[in-house]
Amino acid sequence: MNAVSIVIGSICILMIAYRLYGTFMVAKVMKLNDSKPTPAHELNDGKDYVPTNKWVSFGHHFAAIAAAGPLVGPILAAQFGYLPGLLWLLIGAVIGGAVHDAVVLFASMRKKGKSLSEVAKDELGPVAGFCTGLAMLFIITITMAGLSMVVLHALEKNPWGTFAVGITIPIAMGVGIFYKKTGNLKLTSTVGFILLMVGVFMGPQIQGTVLGDWLTLDSKTLAIILPIYAFFAAALPVWLLLAPRDYLSSFMKIGVFIALIVGVFIINPSIEFPAFTKFVDGGGPILAGPVWPFISITIACGAISGFHAFVGSGTTPKMLDKWSDIKVVGFGGMLVECLVAIMALIAATALQPADYFAINSTPEVFKTLGMDVVHLPELSREIGLDLEGRTGGAVTLAVGMTYIFTEIPWFAKLSAYFFQFVIMFEAVFILTAIDAGTRVARYLIQDFFGDYYKPMKKTDWVPGSIIASALACFMWGYLLYSGDIGSVWALFGVSNQLMASIGLIIGATVILKMADKRRYMLTCLIPLGYLFVTVNYAGYWMVKNVYLNPANPGYNVLNAILSVIMLVLGVIILVAAVKKWAEIWNSPSRQLEAKSA
């Protein structure tokens, strides 16, 4: 199997799905009508509700939803072989993810751009609304821990990478201040990008210096530094750090993956992995569970992601100029993210399997696999970094992309620079989501406690912002400090897919209420049925075999408690939804509509 065949076939499938299934969803199921004003027009305040060009809206939405999930999930899932991941990415994104993102965006816009918890309260009742809000708080906390774990292992004992990533903080702040003072976006963007490149190329100069020694950090130290950074990112004004980092990362995000696609077409690397490995039945060194349900839990954002519901019921529904823009922004944005995930899968599976497992397993575990590395010693020497045991997926992606790029003769001697650039790209990519996610967690905490102490609801109340930001960082920082990538990423996957299930539940309710034909509800019920069973079985498996198993390295009672709470919340929401569905189904007005249809 060669990479170009996979890329061409995948692009064709995704384009056909967008043209046919996407059109069916917007024209028949959601019945979008551009003659009606969107919330952006109805509530235009020049601040949050602003009618925005659909391609600008697409750029914002894609930058917000495409975090670590499409980069890391497929790489970790490569443990099972290239075929399970590829199939789930294509099937899951078309049948599940694109539908989920479109219907959540639609449901929020129907309620004037309200958050998903408020939509759930309106559609399913106060109990389901409260449970949705609580589930969102749990899920955003776990998501931050899962994303941070990826950065942790990429920067561990890597002073060059730590410097390149660390320098982006003052650069982003400088960009924010410079743009606020001048309003010159083109000059600001150019200067910011040049400074990012300077940060990468200065990296070798600090190695072996006092600064280099100071930046050679272990994982526990980094696990403390990241939440501290996130606290300031959540508490500082959005224009000072979060927005300019998001803006700069979007250029890198798009540019790097265009370059990767071009590189794949030039080199056409062969896929070195088998279609299925011996770990499909479980017992793998990266993920202990079997291919099902863990292929769907591990590949989260690349196929279907509940994290998208935070964006799809947050900023994006307040920006769309026309209702039909849902097709491009919601449905199309998910399919583009799927392509990003497929490219990450190719980068991982183009490596020799032994090299892949040596990077993603601890040295002690790798010794038990009976494998001999092939190109890894040479790659480590060229990059200037010991690559073994750097779990988490980020290093694997960087090595895979470096391997592809340096096959082009012009770049053959630039392995170290490509590797560190991709590490910086991933870290900036992920830190953007950590910035935004921690701020969202802060808002959720303020809303939750604001019901008991009114000033907490005021986002501009400084003590409330500081307390909520500190609490949010402490919660996910504790999970980060005490966990490992296998257990935390599985916890993230379960929580993320549970959130997607909640999004599909609400979408199904909305469709049942307004669609011409009741059977259109199946567009949400089919992926919901699969996802809900998968999530609950995966949660049960992890609690039984990992979190409450003292013999397992991932033993963690807190993770078990969080898993059980989330699964119970999911069941409560589903029960409330089923009762609501029965009520709508049997209502005289709905029966009359069904007969006329």
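The values are calculated or read from the model by the stated rules, or taken from the named source; none is laboratory data. Computed from a predicted structure; not experimentally measured. A quick note on method: Cβ atoms are made from the backbone with ideal geometry, for glycine too, and the neighbour counts reach across all protein chains shown. Keep in mind that these areas ignore ligands, DNA and RNA; they rest on the heavy atoms of the full protein, side chains included. Shrake-Rupley method; radii C 1.70, N 1.55, O 1.52, S 1.80 Å.
Any lysines with Cα under 17 Å of the residue 278 Cα? List them, leaving off those in the same chain fewer than 8 positions away.
Filter leaves 367.
Write out the trypsin sites (Lys or Arg not before Pro) in region 86-121 meeting two conditions: DSSP loop, and at most 15 other Cβ atoms within 10 Å of their Cβ.
112
Using the structure shown, select from 180/454; 36/121; 121/457; 457/580; 54/112; 111/454 the pairs with a Cα to Cα distance greater than 21 angstrom.
On the way: 180/454 32 Å; 36/121 24 Å; 121/457 18 Å; 457/580 30 Å; 54/112 18 Å; 111/454 24 Å.
Exceeds cut-off: 180/454; 36/121; 457/580; 111/454.
Nearest 10 degrees is fine. How inclined is helix 557-585 to the longest principal axis of the chain, computing both from alpha carbons?
30
By how many degrees, between 0 and 90 and to the nearest 10, does the Cα long axis of helix 98-110 differ from the longest principal axis of the chain?
With both axes taken from Cα atoms, the answer is about 50 degrees.
Skip the ligands, DNA and RNA, and give the accessible area per residue of the chain with a 1.4 Å probe, whole Å².
Details: 22810 Å² over 597 residues.
I get 38 Å² per residue for the chain.
In whole Å, how far is the Cα centre of region 367-409 from that of region 1-43?
37
Report the full-extension gain for the segment residue 561 to residue 407: residue separation times 0.36 nm, less the Cα-Cα distance, to one decimal in nm.
50.7 nm
May I ask you to work out the translational diffusion coefficient for region 316-411 at 37 °C, viscosity 0.692 mPa s, via Stokes-Einstein with Rh from the Kirkwood sum over Cα pairs, reported in whole µm²/s?
On the way: Rh = 15.6 Å.
Estimated via Stokes-Einstein, D reaches 210 µm²/s.
Taking K and R as +1 and D and E as -1, what net charge do the other residues with C-beta under 9 Å from the C-beta of residue 218 add up to?
+1
Tell me which trypsin sites (Lys or Arg not before Pro) from region 489-538 have a DSSP coil assignment and no more than 14 other beta carbons within 10 Å of their own.
Sites meeting the loop and neighbour criteria: 517.
Taking 0.36 nm per residue of separation and subtracting the Cα-Cα distance, what length does fully extending residue 187 through residue 315 add? Could the numbers behind the result be given before it?
Values: separation 128, 0.36 × 128 = 46.08 nm, distance 2.66 nm.
The residue 187-residue 315 span can extend by a further 43.4 nm.
With θ set to phi - 60° and the Karplus curve 6.51 cos²θ - 1.76 cosθ + 1.60, what are the ³J(HN,Hα) couplings of region 468-482 in order, to the nearest whole Hz, using x for Gly and Pro?
Going residue by residue, I get 5, 5, 5, 5, 4, 5, 5, 5, 7, x, 5, 4, 5, 5, 9 Hz, with x marking Gly and Pro.
Quick check: from the Cα gyration tensor, does region 1-57 come out rounded (a/c under 1.5), prolate or oblate?
Judged from the Cα gyration tensor, region 1-57 comes out oblate (a/c at least 1.5, b/c at or above a/b).
Assign unit charges at the C-beta atoms only (+1 for Lys and Arg, -1 for Asp and Glu), then state the dipole size of the chain relative to its Cα centre in Debye, rounded to the nearest 20.
Details: 40 positive and 34 negative charges, 405 e Å.
Result for the chain is approximately 1940 debye, rounded to the nearest 20.
Where does helix 522-542 land angle-wise versus the long Cα axis of the chain, in degrees 0 to 90, nearest 10?
50
With a 1.4 Å probe and all protein chains left in place, how much of the accessible area of the chain comes from carbon and sulfur atoms, in whole percent? Write out the running numbers ahead of the final one.
Numbers: 15350 of 22810 Å².
Within the chain, the accessible surface is 67 percent carbon and sulfur.
Does region 10-112 come out rounded, prolate or oblate by the C-alpha gyration tensor, with a ≥ b ≥ c the root eigenvalues, rounded set by a/c under 1.5 and, if not, prolate when a/b is larger than b/c and oblate if not?
Because a/c hits 1.5 or more and a/b exceeds b/c, region 10-112 counts as prolate.
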